[in-house]
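Remarks on the structure that follows.
The values are calculated or read from the model by the stated rules, or taken from the named source; none is laboratory data. Bear in mind the structure is a predicted one, so any value in this text is a computation, not a measurement. Note: ideal-geometry Cβ built from the backbone for every residue, glycine included; neighbour counts use all protein chains shown. For accessibility, only protein heavy atoms count, side chains too; no ligands or nucleic acids. Shrake-Rupley method; radii C 1.70, N 1.55, O 1.52, S 1.80 Å.
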Amino acid sequence: MAAELQRVHRGEVDFEAEASHLAAIGANLARHRALAHVPSVISSLSTRRVLVMNECAGVRLSDVEALRACGIDRDQLMRRVCDAWVAQLFADGHFHCDPHGGNLLATSAPPFGAVPTILDFGMVRRIAEAERLAFCRMVHAVGERDADAILDAAEALGAKLNRELLADPLALVRGLLWTFRDTEGEEDAAAAAW
């Protein structure tokens, strides 16, 4: 675990690698026509220790009042954030690994509507084609409520499972369906605030 943390930390301060990820993921999102913005690197001013990008205006996703004040459609914004990560993970296998609210800005760009800007490409991962396809199979299996296919996909991703201990594989499916359920209409405090 310490070796992995050290590798991630080194990657976060290697700005040449970050610039490369910015360009590649930006091009991939454009190719998939995902409505998401990625900053442009100013190569002539950037080095391994300094990364200079164009300025990105926008509202932090955590600032709900500012999003409302700007008239940003939050449902559309979240669909576009999800579309961007679907393209990265399931289509390309090259993705931003740190998608918290501090790494995302939102703008309203008529006539397109809400557009997310993705920041901080210091933590990025490329996965092998076999892993990418296993993730795709897992999402499909969850949608189909196919416990055996979920377990097969998890094992293809490297999970060590003792299937004999899974007395009720459908309990796994029920748990996943609950975790990834559509929460629209639920009146919990987090949903009300958002």
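At a glance:
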{"item": "Scope region 77-88; condition in contact with a strand residue (DSSP E or B) (Cβ under 8 Å, 6 or more places away or on another chain) and either open to solvent by less than 30 Å² (accessible area, probe 1.4 Å) or charged (D, E, K, R) (or both); matching residues", "result": "Leu77, Arg80, Val81, Ala84, Gln88"}
{"item": "Flag for Leu170 being in contact with an Asp or Glu (Cβ under 8 Å, 6 or more places away or on another chain) and surrounded by fewer than 16 Cβ atoms within 10 Å (Cβ to Cβ)", "result": "no"}
{"item": "Residue ID - least open to solvent (accessible area, probe 1.4 Å), chosen from residues in region 89-104 that are touching a helix residue (DSSP H, G or I) at 6+ places or on another chain (Cβ under 7 Å) and either basic (Lys, Arg) or not in a strand (DSSP E or B) (or both)", "result": "Gly93"}
{"item": "Options Leu133, Leu161: the member that is assigned to a loop (DSSP other than H, G, I, E, B), surrounded by fewer than 17 Cβ atoms within 10 Å (Cβ to Cβ) and over 13 Å from the mean Cα position of the chain (by Cα)", "result": "Leu161"}
{"item": "Residue check, Ile150 out of contact with any Phe, Trp or Tyr (no Cβ under 8 Å at 6 or more places or on another chain), in a helix (DSSP H, G or I) and surrounded by 15 or more Cβ atoms within 10 Å (Cβ to Cβ)", "result": "yes"}
